[in-house]
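Please read the structure below before turning to the comments.
The values are calculated or read from the model by the stated rules, or taken from the named source; none is laboratory data. Nothing here was measured: the structure is a model prediction, and the numbers come from that model. Because the Cβ atoms are built from the backbone with ideal geometry, glycine has one as well, and the counts that use them run over all protein chains shown.
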Amino acid sequence: MKRTVKWYLIQRFLIVLFFVYWGGVLIDLFYRMVLTPAVLVFLESQQIEITGNSDVFTWMLQVLFYILAGFLPPGIREWVQGRINAAMGSSMRIEVTSPLYSGVWGVLLRILIIGGILGLMLVRLLPYGLGAFYYSRVVTKQFDILLAEEKEEKKAADKKRNLLLSDIAHDIKTPLTTICGYSRALTEGIAQEDKRQVYLEMIYAKAMRMDELITLLFEYVKLDSEGFVLHKRQEDFAELVREMTALLYTEFEEKRMLLVTEIPEERMPLAMDRLQLGRAVTNLLTNALRYGREGGRVLVRLTDYELTVADQGEPVDPAFAAHIFEPFARGDKARTSQGGSGLGLGIARKIVEMHGGSLSLNLNAEEGYTKAFQISFYDREGD
């Protein structure tokens, strides 16, 4: 937006310069061709003779100072008027021979001439005044628009932050409530002996969920921090995908999910932060593991710097798909106690975009699968 405003203001400034210049040219032409001859005829009728040739603005200034000098005492007046003529040299001279010039009519005539010249000079400066007025209005308008947009952005950011804090509080409070309940049952001795181990396992599971949430939240905030930078180096992207997939292979087997991998053997050099990009790939695989159909298939395919992770889980509502990468965005299944935090996909997208790529959701990407997440890289050099 700021770049658009910058070019808009430059364009308007050039337009103002164009009209100011040609406005001045037309006024000068009018003065020289029409007004100056008419004024000279009037002055000559008052026995004020002007000889020589000069530009319009200089002509008006000289006449103005010469007439103003007429208000000075005799002796000084002639000396000043002589100096004005001398300063102009042979380009222009003013001679006043009217006997009325020193009388009452002369005073009125001088005032009339001074007022007329000042008016003409103001008209000559009119293009500059109008140009400055117009451009100031343009700048003020754009400034008001920017302020209004910043206000709306701040309002939206505040709303998003409040919703984020609300989701954080909810996601932390839910397992914490469970931990408190089971802990109280154990400490007060009201838990049955055969349930104690179950309660302890539930407390541990909820504590681990809280730890996962806090870790993901920390990663999300860290990626948004001003001082965060990626440590890129040339790595094999294909090898990274193979490695991240192998780390989760056992978990896919435990859910009886068939992992279909199509990863080429040849290298795919990519400038990347191996730790961060590995986290992004892992988040996609974990998402498929968590929301894929138990006993179903998960496809991991890499072709020409495009990674596809598809599963056969519940279809994603198209309305929800538009917000799936936002923090704490979760579908109906994810809102259960076994669902995810809603941060993993947002973290993955941030990391991919920081590597010059894109992460998108395709609801009809692969035949036999309900949804597919696709990472595509365009900037393979990774500046």
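Condition check: surrounded by 16 or more Cβ atoms within 10 Å (Cβ to Cβ), at pLDDT 70 or above and assigned by TED's automatic domain parsing to the domain that holds Val41. Does Ile113 satisfy that?
It is true that Ile113 is surrounded by 16 or more Cβ atoms within 10 Å (Cβ to Cβ), at pLDDT 70 or above and assigned by TED's automatic domain parsing to the domain that holds Val41.
Given the residues Gly89, Gly75, which is the only one that is modelled with pLDDT of 70 or more, over 26 Å from Leu125 (Cα atoms), loosely packed, with under 11 Cβ neighbours inside 10 Å and of a type in the set (Gly, Ala, Ser)? Please lay out each step first, then the result.
Working: Gly89 fails: modelled with pLDDT of 70 or more.
Exactly one of Gly89, Gly75 is modelled with pLDDT of 70 or more, over 26 Å from Leu125 (Cα atoms), loosely packed, with under 11 Cβ neighbours inside 10 Å and of a type in the set (Gly, Ala, Ser), namely Gly75.
Given the condition touching an Asp or Glu at 6+ places or on another chain (Cβ under 7 Å), of a type in the set (A, V, I, L, M, F, W, C) and surrounded by 15 or more Cβ atoms within 10 Å (Cβ to Cβ), answer yes or no: does some residue in segment 213-220 qualify?
Taking segment 213-220 and keeping what is touching an Asp or Glu at 6+ places or on another chain (Cβ under 7 Å), we get 213.
From the residues that got through so far, the ones that are of a type in the set (A, V, I, L, M, F, W, C) too are 213.
Next, from what is left, pick out any that are surrounded by 15 or more Cβ atoms within 10 Å (Cβ to Cβ): 213.
Yes, there is a match, as at least one residue in segment 213-220 is touching an Asp or Glu at 6+ places or on another chain (Cβ under 7 Å), of a type in the set (A, V, I, L, M, F, W, C) and surrounded by 15 or more Cβ atoms within 10 Å (Cβ to Cβ).
Tell me which residues, restricted to segment 193-239, are basic (Lys, Arg) and closer than 30 Å to Glu265 by Cβ. Give the derivation first.
Step one: filter segment 193-239 for residues basic (Lys, Arg), giving 195-196, 206, 209, 222, 232-233.
Hits for segment 193-239 are Lys232, Arg233.
What pairs come out if I take residues in segment 344-369 that are free of Cβ contacts under 8 Å to residues at least 24 places away in the same chain and pair them with residues that are part of a helix (DSSP H, G or I) and of a type outside the set (Ser, Thr, Tyr) whose C-beta lies under 8 Å away, six or more apart or interchain?
Ser358/Val352
Given the conditions (1) surrounded by 13 or more Cβ atoms within 10 Å (Cβ to Cβ); (2) aliphatic (A, V, I, L, M); (3) farther than 17 Å from Phe377 by Cβ, which single one is not true for Val229?
Going through (1) surrounded by 13 or more Cβ atoms within 10 Å (Cβ to Cβ); (2) aliphatic (A, V, I, L, M); (3) farther than 17 Å from Phe377 by Cβ one by one, Val229 breaks only (1).
Sort out which residues of segment 303-326 are under 16 Å from Gln374 (Cβ atoms) and either among the acidic types (Asp, Glu) or touching a Pro at 6+ places or on another chain (Cβ under 7 Å) (or both), and write them in order of number.
Asp304, Glu306, Asp311
Only one of these conditions is not met by Ala148: (1) more than 22 Å from the chain's Cα centre (by Cα); (2) modelled with pLDDT of 85 or more; (3) of a type outside the set (Asp, Glu). Which number is it?
Ala148 satisfies all of (1) more than 22 Å from the chain's Cα centre (by Cα); (2) modelled with pLDDT of 85 or more; (3) of a type outside the set (Asp, Glu) except (1).
Against the condition farther than 21 Å from Thr215 by Cβ, within 36 Å of the chain's Cα centre (by Cα) and either crowded, with 19+ Cβ neighbours inside 10 Å or touching a residue at least 12 places away in the same chain (Cβ under 8 Å) (or both), how does Ala271 come out, does it pass?
Working: farther than 21 Å from Thr215 by Cβ: yes; within 36 Å of the chain's Cα centre (by Cα): yes; either crowded, with 19+ Cβ neighbours inside 10 Å or touching a residue at least 12 places away in the same chain (Cβ under 8 Å) (or both): yes.
It is true that Ala271 is farther than 21 Å from Thr215 by Cβ, within 36 Å of the chain's Cα centre (by Cα) and either crowded, with 19+ Cβ neighbours inside 10 Å or touching a residue at least 12 places away in the same chain (Cβ under 8 Å) (or both).
Is it the case that Arg233 is within 18 Å of Val300 (Cβ to Cβ), at pLDDT 90 or above and either in contact with a Cys (Cβ under 9 Å, 6 or more places away or on another chain) or basic (Lys, Arg) (or both)? Before you say what the answer is, go through the steps one by one.
Details: within 18 Å of Val300 (Cβ to Cβ): no; at pLDDT 90 or above: yes; either in contact with a Cys (Cβ under 9 Å, 6 or more places away or on another chain) or basic (Lys, Arg) (or both): yes.
Answer is no for this residue.
Go through segment 162-195 residue by residue and tally those that are of a type outside the set (S, T, N, Q), modelled with pLDDT of 70 or more and assigned to a helix (DSSP H, G or I).
Here the count works out to 15.
Run down Ile190, Ile214, Ile203 and say which single residue is among the aliphatic types (A, V, I, L, M) and in contact with a Ser or Thr (Cβ under 8 Å, 6 or more places away or on another chain). Break it down into steps so the answer makes sense when it comes.
Numbers: Ile190 fails: in contact with a Ser or Thr (Cβ under 8 Å, 6 or more places away or on another chain); Ile214 fails: in contact with a Ser or Thr (Cβ under 8 Å, 6 or more places away or on another chain).
It is Ile203.
Could you check segment 367-383 and list, in sequence order, the residues that are closer than 23 Å to Met268 by Cα and at pLDDT below 90? Reasoning before the result, please.
Residues of segment 367-383 that are closer than 23 Å to Met268 by Cα, as a first pass: 372-383.
Tyr378, Asp379, Arg380, Glu381, Gly382, Asp383 - these are the residues of segment 367-383 that are closer than 23 Å to Met268 by Cα and at pLDDT below 90.
Under 8 Å between Cβ atoms, at least 6 apart or on separate chains: pull out the pairs that start in segment 16-34 with a residue that is more than 18 Å from Val139 (Cα to Cα) and at pLDDT 80 or above and end on any residue that is among the basic types (Lys, Arg) and assigned to a helix (DSSP H, G or I).
Gly24/Arg124; Ile27/Arg124
Residues in segment 303-322 that are surrounded by 18 or more Cβ atoms within 10 Å (Cβ to Cβ), over 34 Å from the mean Cα position of the chain (by Cα) and either of a type outside the set (Gly, Ala, Ser) or farther than 17 Å from Lys255 by Cα (or both): how many?
Looking only at that region, the number is 2.
Within the group Tyr134, Tyr101, which residue is aromatic (Phe, Trp, Tyr), modelled with pLDDT of 80 or more, surrounded by 13 or more Cβ atoms within 10 Å (Cβ to Cβ) and assigned to a helix (DSSP H, G or I)?
Working: Tyr101 fails: modelled with pLDDT of 80 or more.
Residue meeting the stated conditions: Tyr134.
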